[in-house]
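Contents: one structure, followed by commentary.
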């Protein structure tokens, strides 16, 4: 289950993979929507402690539509927002996610070569970096 914390929501990626397989990918699409909502909520909550954090202008519903129509854009945005936020944050954590262009490269080129395993690893690292950043805010 997602865990609500003061500065955002943490999620378990293993649960996402399992439920995505069971629902033939439908849960994964909902998960992406929730991630954009989580990012937006975190930026709003973190603004009080981090002046460089600002709410995103990317509506989660719009990103969901883009995910279905043109999936490269929301992947790029998701990775860029989190990477830049963690990089410039006063709250330091060991983990950070890939840059947006690295994520796009991984998803487009390495997906076919690795039977979609490498993009799952990249997504797991994204969720881990986000979770660790939320937890670091709590300390």
Notebook entry, point to check: Gain in length, residue 101 to residue 1, computed as 0.36 nm per residue apart minus the alpha-carbon separation, to one decimal in nm?
Noted result: 33.0 nm
Item checked: Kirkwood hydrodynamic radius (C-alpha pairs) into Stokes-Einstein, the chain, 4 °C and 1.567 mPa s, D in µm²/s -> 85
Check: Taking the chain as a Gaussian network, where each spring joins two C-alpha atoms under 10 Å apart, which residue of 68, 122, 77 fluctuates the most?
Finding: 68
Checklist line | Degrees, to the nearest 10: 60-69 long Cα axis against longest axis of the chain | finding: 20
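Between residue 59 and residue 139, what FRET efficiency follows from the Cβ-Cβ distance if R0 is 35 Å, with the result rounded to 0.05?
Efficiency at R0 = 35 Å is approximately 0.70.
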Next item on the list: Taking the chain as the reference, fit the longest principal axis to its C-alpha atoms, fit the long axis of helix 100-113 to the helix C-alpha atoms, and give the angle between the two in degrees, 0 to 90, nearest 10.
Entry: 20
Item checked: With Cα atoms, 0 to 90° folded angle of helix 26-46 axis to the chain main axis -> 20
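FYI, it's all coordinate maths here, none of it is from the lab. All values reported here derive from a predicted model rather than from experimental measurement. Heads up, the Cβs are rebuilt from the backbone with ideal geometry, glycines too, and the neighbour counts pull from every protein chain shown.
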